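First comes the structure, then the notes that go with it.
The values are calculated or read from the model by the stated rules, or taken from the named source; none is laboratory data. In this text, all values refer to a predicted model and were calculated from it rather than measured experimentally. Quick reminder, even Gly has a Cβ in these numbers, built from the backbone with ideal geometry, and neighbours come from all protein chains shown.
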Amino acid sequence: MSTNQIQVTLTAIESDLRVKIGALPDMQAKLMDQHNYSLCELIQLMTEVHLCEHPLFFELMRLDAARCQLEIGLYGVCSDCENEIEAARLAKDPLEQRCMTCSSHFSQQHRQELRLNH
């Protein structure tokens with residue numbers, strides 16, 4: 001996928017995410033001024049209204065990471081092992097941050113942490 005295609009895909013994801021975030025009751029008052037907030041500003045606003053655990057917050061963080069990676073030429077590179085993320089994996093989820101192997105390890109580790117914390 002070319003950089004332009006990735007950019008178009010990420011922009012579509014961002015537009016959809018902005019609509020969903022704008023529909024959240026806690027965010028409606030914050031977004032009334034129609035200011036075109038950057039991703040960082042949206043992350044800050046969601047933090048201020050205590051939505052850090054909301055699934056849309058995690059998607060926003062993943063989108064921000066993907067945009068940053070694209071800007072520095074590391075889009076499609078695993079954040080853990082720095083190998084290429086499988087093309088099929090990125091096609092399925094353009095915000096993917098890990099290759100299949102590292103994602104599996106991360107999931108196992110996260111499940112173990114959850115067990116230890118409960």
Next on the checklist: I'm checking my understanding of the structure. Among residues of the range 1-46 that are over 15 Å from the mean Cα position of the chain (by Cα) and polar (S, T, N, Q), which one is modelled with the lowest pLDDT?
Outcome noted: GLN34
Checklist entry - Which of (1) touching an Asp or Glu at 6+ places or on another chain (Cβ under 6 Å); (2) free of Cβ contacts under 8 Å to residues at least 12 places away in the same chain does LEU39 not meet, given it meets every other one? => result (2)
Checklist outcome for this item: Residue hits (the range 16-34; surrounded by 10 or more Cβ atoms within 10 Å (Cβ to Cβ), over 14 Å from MET61 (Cα atoms) and either in contact with a Cys (Cβ under 8 Å, 6 or more places away or on another chain) or of a type outside the set (Asp, Glu) (or both)) are LYS20, GLY22, ALA23, LEU24, MET27, GLN28, LYS30, LEU31
